[in-house]
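The values are calculated or read from the model by the stated rules, or taken from the named source; none is laboratory data. These numbers come from a predicted model, not from an experiment. All Cβ positions, even for glycine, are placed from backbone atoms using ideal geometry, and neighbour counts span all protein chains on display.
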Amino acid sequence: MFYGAVVWDPWLIVSQIVCLLCLYYLTLGLFMAVLVSARVPRMSLVYLFDFSTLVTSTVTGWCAIASFLLSSLAGAGYLFHLIERAKKCLDFSATLYIIHLFICIIYGGWPSSITWWVVNITSLALMSFLGKRLCIRRELQEIPIARLRSGNLRNSQVDEK
């Protein structure tokens with residue numbers, strides 16, 4: 001992929017957002033299943049979308065908070081593999097958490113818990129910052145020119161004959 005070529009491809013952007021959302025919720029569900037399901041009699045969507053489950057007064061609440069933070073770490077890896085551009089990491093992370101906010105509003109009403117806001121804003125910052133760092137590391141890797149030069153030398157030698 002050539003990074004200099006700017007092409008407006010809305011289908012690519014939408015598919016990246018959908019894929020990022022699916023992977024994020026799959027990871028969040030997995031972490032919830034591991035950390036929270038041992039403490040509750042029955043798992044449900046309440047733990048993913050209801051703001052009242054993110055509390056600091058219970059161990060289950062702390063497990064749910066840990067699930068959200070761990071999912072944001074995994075989300076940084078997803079940004080690294082799906083988005084591949086450092087300057088797009090904040091956009092895609094913010095889009096993911098805005099869509100999550102809308103789903104939470106539909107599911108359980110406006111999040112009135114300060115803990116919910118702190119956890120989600122921290123997760124957004126963590127996901128975008130780590131994703132950006134990973135993408136910058138890839139973008140700053142040295143391009144191996146030796147292979148390109150040897151290929152060009154062979155081509156020029158063939159042209160001379």
Only one residue in 71, 67 is within 12 Å of the chain's Cα centre (by Cα) and in contact (Cβ under 8 Å) with a residue 24 or more places away in the chain, so which one is that?
71
Which one is surrounded by the most Cβ atoms within 10 Å (Cβ to Cβ), of the residues in the range 38-81 that are in a loop (DSSP other than H, G, I, E, B) and in contact with a Gly (Cβ under 7 Å, 6 or more places away or on another chain)?
54
Filter result for residue 115 (farther than 30 Å from residue 139 by Cα, surrounded by 15 or more Cβ atoms within 10 Å (Cβ to Cβ), at pLDDT 95 or above and among the polar types (S, T, N, Q)):
yes
